[in-house]
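These notes are about the structure you will find just below.
What follows draws every value from the coordinates through simple rules; no lab data is involved. Just so it is clear, the structure is predicted and the values come from calculations on it, not from any experiment. Positions of Cβ are generated from backbone atoms using ideal geometry, with glycine treated the same way; all protein chains shown enter the neighbour counts.
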Amino acid sequence: MNTPVVEISGLRTAIGGRDIHRGLDLAIGRGQILGLVGGSGSGKTTLLRQIIGLMAPTAGSVRLFGEDLHRAGRVAQRELRQRVGVLFQGGALFSALPVFDNIAFPLRELRALDEDWIRRLVELKLAMVELEVHHGTLMPAELSGGMVKRAALARALALEPELLLLDEPTAGLDPKRSASFVSLLGQLQRELGLTVVMVTHDVETLKGLATHVAVLADGRIAATGTVDEVVAAGNAYFDNLAGNGEAF
């Protein structure tokens, strides 16, 4: 039996006296592209923070690659996090650094590579997200919305992660740029064998990319499976989308 890339058991997250997650269970297999959906305020982004270890659970456990993230020592935690890439909503590029240095940042933090190797790797990551070498000289403020997403994706892929977390990856993009970015994400997932966890409100992104879906409601996973399985079984989240004219 293959060990899940992410295994969450009995997760409780309390913030300001309010329970965001209440005994949440979720397992994500290698190679899956999981779309995490749910109403506003249901705790989707908070769950991403739990997976990367930016927040400690009030109760329960989060296991990455078979290891309990919050019980691991500092060195083990750092090694686990290096196997995870994150594309934050809005890109979250460092505004004072050019694109090249944004992508180079996690590579330099390793303190294991000389600048020549870092330059080669940054140029490789730029090519992977279909940006040119000269784009590395630009500042984030000089980029279009689509280029910001691609530069941020290049940074997320800098350390060759096995797990990629995406928070609203197509937010702010027009339909054409959104479709292009979804196509790029799908291509990279296939080529690199990534496991992907994606928070999205966008139906087209979900339909175009996700192999599986998990619906978050009332602090728990209300339904999980392939997109077709969850839609066919009937779920309030997808029923509401259908009522608004969205079709699967």
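Considering only VAL84, VAL196, ALA179, the residue lying farthest towards the positive end of the dipole of the chain is VAL84, judged by Cα position with unit charges set on Cβ.
Put the Cα centre of region 126-140 next to the Cα centre of region 14-36 and the gap is 34 Å. The phi-based Karplus calculation (6.51 cos²θ - 1.76 cosθ + 1.60; θ = phi - 60°) puts the 3J(HN,Hα) values of region 151-160 at 5, 5, 5, 4, 5, 5, 9, 4, 9, 6 Hz, whole numbers, x for Gly and Pro.
Can you give the charge dipole size of the chain about its Cα centre, rounded to the nearest 20 debye, using +1 on the beta carbon of Lys and Arg and -1 on the beta carbon of Asp and Glu?
Details: 25 positive and 28 negative charges, 117 e Å.
For this selection, approximately 560 debye.
Looking at ILE221, SER144, VAL129, which one has the Cα that reaches farthest to the positive end of the dipole of region 79-221 (charges on Cβ: Lys, Arg +1; Asp, Glu -1)? Checked the options; the winner is ILE221. Restriction of the trypsin sites (Lys or Arg not before Pro) in region 37-109 to DSSP coil positions whose beta-carbon has at most 13 other beta-carbons within 10 angstrom yields ARG71. Rounded to the nearest 20 debye, the dipole magnitude of region 121-218 is 160 debye, with +1 charges on Lys and Arg beta carbons, -1 on Asp and Glu beta carbons, and the Cα centre as origin.
About its Cα centre, what dipole magnitude does region 93-160 give when the only charges are +1 on Lys and Arg Cβ and -1 on Asp and Glu Cβ, stated in debye to the nearest 20? The partial results should precede the final answer.
Numbers: 8 positive and 10 negative charges, 39 e Å.
Roughly 180 debye, rounded to the nearest 20.
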